[in-house]
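The values are calculated or read from the model by the stated rules, or taken from the named source; none is laboratory data. Note that the structure is predicted; figures quoted are calculated from it, not measured. Ideal geometry is used to build each Cβ from the backbone, glycine not excepted, and the neighbour counts take in all protein chains shown.
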Amino acid sequence: MPNPSHKPSVALVGRPNVGKSALFNRLAARQISIVHDQPGVTRDRIAAPCPLTTTPCELVDTGGIGADADIEFTDPVTAGAHIAMETAEVILFLVDAREGVTPVDQAIAEHLRSAGDRVCLILNKADVEEIDSGTGEFASLGFGAGLAVSAAHGRNTQLLLDLIDERLKPFAEKAREEEEEASKDGLKVAVVGKPNAGKSSLINAILENERTIVSDVAGTTRDSVDIPYEHMGELHTLIDTAGLRPRSRMDSSVEVFSAMRAERSIRRSDICLLVVDVAAGVSAQDRKIARQIAKEGKPCLIVANKFDLYHPGASRSARVKEAEEHIRNELFFLHYAPFSCISAKEVTSIGLVFDTIRKIRKEAQEPLGTGRLNRILADAMIKVPPPQHKKHKKRLKLLYATSAVNKGYTTLPVPTYILFVNDKRLLHEHYQHYLEKNIRTAHPSLGLPVNFSVRSRRDPERRNPTRGHIQPKKRKKQ
């Protein structure tokens, strides 16, 4: 099933005092205070579901973003407009119908122009019909005549809801198509690992027949083979990939192309099963494959195969504990991936594989909401403030955070957490790991990576492509 919690967002953008918060509260059908804990940090409770539209959506009020940002930031209203353009499917551009067009309105309109038909011009504070006759000048903003409403008195609220639903119609149709597609097809499961780790044996054990060639000779599987598999009423696709060996040890062009196809299989999969020969121990090639999975931001399950040969004289609990310690130490960058100890050859504990896949899939259906995400990050940054950057002599400031689901996933949605900051160069790698740890502590997501996309609120200094060093922007001649 597609992620039922992933909704298109409707952002409210406009200069201060045009009634964004009032309209936000009316569309959300409840009073929501827009507050912030401290200047320059994330604003709390800035998003809420809209229960009044036919198509489920999330409302985002950009009004409080960047209100006390540093002097070198872009203007707070254009910062809000930029965030809306980056993340929203529909943008409500609010103006004050009584005051007429202002220079700030024109600046925001210029910034929003590239968003095209995602923008709906809303003439707020049109409490009575007589005001409508004097609003013709707003057409100069480039978004049509606009819709006159009154957030305070509820005038034309239903017309606004109909307009939002009309703009959201393509997303509703796409959600229905994805739901129908997901009901027919399950997950694309890529079975990856180094040669002779037991990938084909695992697939045969799952299928309960000899569908793939099994041999002790490393590299028997030359190509990536898609194998349909029905499990609990769903038709999954098992992708049996060629074993990945270091390029320097590939003895033919066929093997090189097989490795390339295996890497493509990782990219097009919903989830990766990393098969490791636990009896032989985690190798450098296992780590390379694991890094490829992490690089692609893929959900993952580590399958510790040949467990029957791993310290067979000890108790199972002691063996599992030792195997977990070994795998966690060697594949620490896949710390989000659970693992299952099995023996494909002996066909033992195979059921654990799909039991864990079901758990991962369930976790993916419960994403972290925008409001809670901002609270988690705000609390983390208050508890441990970002360090000062040694070179730039500044500290990271987080203006706003939201999440976007990778549209490439239909049955296993994976979010990317988008962080809008003052300058992305100020985000140290270790501090990003700290933020990830806090997200995972508050919202454990079994088998799912935490992917960040960090975006600056102002343009960083441009890089000179010919000299390869940072070069400041040139000042325009007066």
* Kindly indicate whether L244 is buried (at least 17 other Cβ atoms within 10 Å of the Cβ) and at pLDDT 80 or above. => no
* Based on what the data block shows, is I357 buried (at least 21 other Cβ atoms within 10 Å of the Cβ), modelled with pLDDT of 90 or more and not polar (S, T, N, Q)? -> yes
* Take region 330-362 and flag every residue that is part of a loop (DSSP other than H, G, I, E, B), touching a residue at least 12 places away in the same chain (Cβ under 8 Å) and within 19 Å of the chain's Cα centre (by Cα). => Y336, A337
* To do: Please enumerate the residues belonging to region 37-62 that are at pLDDT below 80 and more than 24 Å from the chain's Cα centre (by Cα).
  => D37, Q38, P39
* To do: Go through the residues of region 318-325 one by one and say whether even a single one is closer than 18 Å to I293 by Cβ, buried (at least 18 other Cβ atoms within 10 Å of the Cβ) and not assigned by TED's automatic domain parsing to the domain that holds V405.
  => no
* What do you reckon, is V149 at pLDDT 90 or above, within 24 Å of the chain's Cα centre (by Cα), among the aliphatic types (A, V, I, L, M) and outside the structural domain of R267 (by TED's automatic domain parsing)? -> no
* Structure fact -> By residue number, the members of region 122-168 that are part of a helix (DSSP H, G or I), touching a Gly at 6+ places or on another chain (Cβ under 9 Å) and either small (G, A, S) or surrounded by fewer than 17 Cβ atoms within 10 Å (Cβ to Cβ) (or both) are G134, E137, A139
* **Subset of region 371-404 (residues that are under 24 Å from the mean Cα position of the chain (by Cα), polar (S, T, N, Q) and either surrounded by fewer than 21 Cβ atoms within 10 Å (Cβ to Cβ) or part of a strand (DSSP E or B) (or both))** => T402, S403
* Is it the case that some residue within region 154-165 is at pLDDT 90 or above and of a type in the set (D, E)? -> yes
* Residue that is surrounded by the fewest Cβ atoms within 10 Å (Cβ to Cβ), among those in region 283-297 that are of a type in the set (A, V, I, L, M, F, W, C) and within 24 Å of the chain's Cα centre (by Cα) -> A294
* Asked: Can you spot a residue in region 250-271 that is assigned to a loop (DSSP other than H, G, I, E, B) and modelled with pLDDT of 55 or more?
  -> yes
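Condition check ((1) in a helix (DSSP H, G or I); (2) over 24 Å from V405 (Cβ atoms); (3) touching a Lys or Arg at 6+ places or on another chain (Cβ under 8 Å)) across all residues:
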position: V275; (1), (2), (3): no, yes, yes
position: G281; (1), (2), (3): no, yes, no
position: I293; (1), (2), (3): yes, no, no
position: V303; (1), (2), (3): no, yes, no
position: G313; (1), (2), (3): no, yes, no
position: R319; (1), (2), (3): yes, yes, no
position: E322; (1), (2), (3): yes, yes, no
position: E325; (1), (2), (3): yes, yes, no
position: R328; (1), (2), (3): yes, yes, no
* **Filter result for P465 (at pLDDT 50 or above and outside the structural domain of F332 (by TED's automatic domain parsing))** => no
* Asked: Do the conditions hold for I108, that is, is it closer than 25 Å to R455 by Cβ, among the β-branched types (V, I, T) and under 26 Å from the mean Cα position of the chain (by Cα)?
  -> no
* Residues in region 179-198: is at least one aliphatic (A, V, I, L, M), surrounded by fewer than 16 Cβ atoms within 10 Å (Cβ to Cβ), assigned to a loop (DSSP other than H, G, I, E, B) and modelled with pLDDT of 85 or more? -> no
* Scanning region 105-121 for residues that are of a type in the set (A, V, I, L, M) and part of a helix (DSSP H, G or I), which turns out farthest from K20 (Cα to Cα)? -> A115
